[in-house]
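Report on one structure; see the data block that follows.
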């Protein structure tokens, strides 16, 4: 199977539902052809490093899914190489649900949104925790503009990704984007 995301996500049951709902033939065509959707290219790098937040899902040892929002300055989620992304983990609510889940099952899913431009990227990967015994990696992951102690690093080895259709993405804008739009309107542009 050439489309890595489809290889992982389209299980036998999913394919049966696609067949029942009439979409299987369209998706079957992406499963042949060149090997793709597992190595990050410039398009993905640019998109990932422009994000100031993302959602990450993990699964508990009892089988329950868990989703968490992560935020920071644009670029806090870093592309390390074609198959690895990572970020520094700072102290938050101290529940450690994602951390605990990953210690049992390293599979994660990330959902990265660009609301103003109605684009989204889904990533599937395996997460590894980076501790204080690996200071050079932690240093690479930290954001120099954020003055807080890094608790640990989180590296995600990307297994697959998929760009999603924009049909039902409601555009949303942050304060800086709204101010830029208002300024443009005031300037007559």
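Please treat every number below as a calculation from the coordinates, not as lab data. Just so it is clear, the model here is predicted, and its values are computed rather than measured. Cβ: placed from backbone, ideal geometry, glycine included. Neighbour counts: every protein chain shown.
A few points about this structure:
- Compared with the alpha-carbon gap, the fully stretched path from residue 147 to residue 111 is longer by 10.3 nm at 0.36 nm per residue.
- Multiplying the residue separation of residue 183 and residue 118 by 0.36 nm and subtracting their alpha-carbon distance yields 21.2 nm.
- Spin-label pair residue 80-residue 173: with each label point 7 Å from Cα along the Cα-Cβ axis, the two points sit 3.7 nm from one another.
- Across 48, 30, 56, mean-square fluctuation computed from a Gaussian network of the chain (C-alpha pairs under 10 Å connected) peaks at 30.
- Computed [θ] at 222 nm, deg cm²/dmol, the chain (DSSP H ≥ 4; -39,500 (n - 2.57); rounded to nearest 500): -8000 deg cm²/dmol
- Between the stretch 1-70 and the stretch 149-189, the Cα center-to-center distance that results, in Å: 20
- Relative contact order %, the chain, counting alpha carbon pairs below 8 Å whose residues are six or more apart: 21
- Net length gained if the chain between residue 57 and residue 94 were fully extended (0.36 nm per residue, minus Cα distance): 11.6 nm
- Between residue 36 and residue 129, the modelled labels are 3.8 nm apart [label points 7 Å from Cα along Cα→Cβ].
- Cα gyration tensor shape for the stretch 1-125, rounded if a/c is under 1.5, else prolate or oblate: oblate
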